[in-house]
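Participant: After the structure tokens below, expect a handful of questions from me.
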Amino acid sequence: MKGISDRKALIVYTLIGVIFILVLGVLFVQVAKHYVINAYEEQLKYDTDFVADDLDLNTHTTLERQQQLERYSDSFPIDLVLYQRQSQEYLHTFNRNETITLNEIINRQFETEETTLLNSRLVESRNLNDELRLVVISDELPIRYLETTLWSIVVILSLLVGFFVWGFGNRLYENYVTPIRKASDTAKELADGNYKARIHDAPYGIVSELSQSINRLARNLESITSKYRNQNDRLKTVVNNMESGLLLINEKGLTRLANEPFVKNFTNQTSIVGEIYYDVIENKVLNDALQEVIFMERKKQLTVETEQGNYFEVYLAPIRNNEETWKGVVVVCHDITKIKQLENIRKDFVANVSHELRTPITSIQGFVETLLDGNQHDEEIVKKFLRIMDKETKRLNKLIQDLLDLSTIEKDDFTLTRTHFAASELMNEIHQVVEKSLQDKELSADIEVEDGLQVYADYNRIYQLVLNLYSNAIQYTPEGGQIRWKVSLQDGYVRLQISDTGIGIPKRSQGRIFERFYRVDQDRSRQTGGTGLGLSIVKHIVEAHEGMIDLESEEGQGTTITVSIPQHI
């Protein structure tokens, strides 16, 4: 169906050629017929004039007249009828097979001397006198034969012309029209971006050169596009994998390039390319800086804080071409959130350490000055002061030891000494250490350890971890409370879970509970002698073992802390 549809024009042209030949054939047949009839008509008139002049009308017998008529019929290719008007008798030279033609002639009673055509025979009549009329009829004209012959020639000629037009047109179509159409279709595909399109059956001649040129163009476009795509992909990969945000704005204020970190931190839209920068950038400080750089055409550096609480060091610089024409602005945003957080942690750490050290030192200094003031003091007061000074020195020593432990764990070269040990032995040893504290607060402790559980970890650090968690639970659980340990092996992890019925941790504080010196209740912590570093040490020990720590707590209901240590054997 597609081939027929593509050759509609060729079919139409072939039909037009055949119809044209047929029309010419009709005209030629009519002209030939006209010339044949005219030729026979002239001959018939000549024969009629001759017979009319030569016929002897003086003979009175019918036989003699009949003999004359037959003599003329034998001498000329004609038949004759001699008609007598008064008696309506007639003589003729027709044989018996031609009585129909004879009857038609007699019935028509020709009175005109014009030649007429009757059943492919010409009829000519003459009035010999008032009584006699001579009718001369030619032999049958070869009109049917002529028409058959001419029409056969016309049909054959039309078929030949049709075959010729179809064959020549089809060859022309195959060699020129089809290749040109394929070339056109290929060019359209190339224009639409399909650079793999090719012309595979190029013929010879100029069309072949056209096809080869288009194929060469397609290969060049494919090569150029492939190189461009590779370069573009590499550029996108580099730009999108940059940790720093990148934005490129042209001289019209339209964004031409923006990587994922920039889009993620400075706009809610998924794509901002092609948009005006102040319509898509939601940070007012950055927008103001961009306007300043665009209008002043000079570099600028500033620190920008986003709504998410992230900090970015932003560098803005105008772009100029080789002719020093301004072409836009490039913006590079470095994420300094962690640096800011580390600065804040450092400030908090220094402030907390200073505060924690100052409190016992101030206390000790005050009591020492009191004892050294030269006055005589009661022995009980001196002992009380000395007990307080001893307590503060121990607290100071514990704080310094915790700081040293935390510093050791946080070192880059810190390594663990892993060994296999029984979990039950570890828990029993630590329980003996804290047993007096449990008795003093009348706390009940339940330790459930899976039978035969072996732990592969750094014994001393796990000991420190469990002791800190145990001590923390004792400190923040009111008298008469309960502490429960559950140690088991699950999915390749040793899980150390401690639950207490203590004061719990508010939701707002649970995210910061593992920070250094963070306390939910500052006064209570100092009264219990805590340093605020225990849970921070626990967290670092867990991270050193590549483990996980989870916290579940509800204020006034108690706290559950689960430590998971992977068993890499």
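The values are calculated or read from the model by the stated rules, or taken from the named source; none is laboratory data. The structure presented is a predicted model; accordingly, all values stated were derived computationally and were not measured. Every residue, glycine among them, receives a Cβ derived from its backbone with ideal geometry; neighbour counts consider all protein chains shown. Ligands, DNA and RNA are excluded from the accessible area calculation, which covers all protein heavy atoms including side chains. Shrake-Rupley method; radii C 1.70, N 1.55, O 1.52, S 1.80 Å.
Participant: Give me the one-decimal nm value for the distance between modelled label points at ILE19 and HIS200, 7 Å along each residue's Cα-to-Cβ direction.
Facilitator: Each label point is offset 7 Å from its Cα along the Cβ direction, giving 3.9 nm.
Participant: Separate question: Quick check for you: with a 1.4 Å probe and neighbouring chains kept, what is the accessible area per residue of the range 1-95, in Å²?
Facilitator: Working: 6300 Å² over 95 residues.
Per-residue value: 66 Å².
Participant: Could you estimate the translational diffusion coefficient of the range 223-315 from the Stokes-Einstein equation, with Rh from the Kirkwood formula over C-alpha pairs, at 20 °C and 1.002 mPa s, in whole µm²/s?
Facilitator: On the way: Rh = 14.3 Å.
Value of D from the Cα-based Kirkwood radius: 150 µm²/s.
Participant: Leaving ligands and nucleic acids out of the surface, order THR101, THR237 by accessible area at 1.4 Å, largest first.
Facilitator: Values: THR101 20, THR237 80 Å².
Heavy-atom accessible area, descending, gives THR237, THR101.
Participant: If you don't mind, another one. Evaluate the charge dipole of the range 224-337 about its Cα centre and quote only its size in Debye, nearest 20, assuming +1 on the Cβ of each Lys and Arg and -1 on the Cβ of each Asp and Glu.
Facilitator: On the way: 13 positive and 16 negative charges, 108 e Å.
That gives a dipole near 520 debye.
Participant: A follow-up question, please. How large a share of the accessible area of the range 17-106, in percent, is made up of carbon and sulfur atoms when the probe is 1.4 Å and the other protein chains stay in place?
Facilitator: Values: 3100 of 5770 Å².
With neighbouring chains kept in place, the figure for the range 17-106 is 54 percent.
Participant: At 0.36 nm per residue, minus the direct Cα-Cα distance, what do ARG387 and VAL273 gain on full extension? Give it in nm, one decimal, please. All intermediate terms of the calculation are to be shown ahead of the outcome.
Facilitator: Details: separation 114, 0.36 × 114 = 41.04 nm, distance 7.21 nm.
Extra length from ARG387 to VAL273 when fully extended: 33.8 nm.
Participant: How do the peptides 135-146, 297-308 rank, highest first, by the average count of neighbouring beta carbon atoms within 10 Å per residue?
Facilitator: Details: 135-146: 17.7, 297-308: 12.7.
Going by the mean number of other Cβ atoms within 10 Å, highest first, we get 135-146, 297-308.
Participant: Return the FRET efficiency for the residue pair ASP378, ASP440: r is the Cβ-Cβ distance, R0 is 30 Å, and the value is rounded to the nearest 0.05. Don't skip to the answer; put the middle values down first.
Facilitator: Numbers: r = 29 Å, r/R0 = 0.96.
Efficiency computed from Cβ-Cβ geometry: 0.55.
Participant: Still on this model: Could you tell me which of the pairs LYS196/LYS227; LYS299/LYS340; LYS236/LYS338; LYS236/LYS284 are separated by over 18 angstrom between their Cα atoms in the structure shown? Each step should come with its number before you reach the end.
Facilitator: Details: LYS196/LYS227 14 Å; LYS299/LYS340 24 Å; LYS236/LYS338 26 Å; LYS236/LYS284 27 Å.
Exceeds cut-off: LYS299/LYS340; LYS236/LYS338; LYS236/LYS284.
Participant: Further question: Please list GLU343, GLU124, GLU41 from largest to smallest accessible area, probe radius 1.4 Å, with all protein chains kept in place.
Facilitator: Values: GLU343 70, GLU124 0, GLU41 45 Å².
Ranking GLU343, GLU124, GLU41 by accessible area, largest first, yields GLU343, GLU41, GLU124.
Participant: Just by accessible area at a 1.4 angstrom probe, what is the order of TRP151, TRP326, TRP485 from largest to smallest? Spell out each step's value before the answer.
Facilitator: Working: TRP151 90, TRP326 45, TRP485 0 Å².
In descending accessible area the options line up as TRP151, TRP326, TRP485.
Participant: How much of the accessible area of the range 226-306, in percent, comes from carbon and sulfur atoms when a 1.4 Å probe is used?
Facilitator: On the way: 2450 of 5230 Å².
The nonpolar share, carbon plus sulfur, comes to 47 percent.
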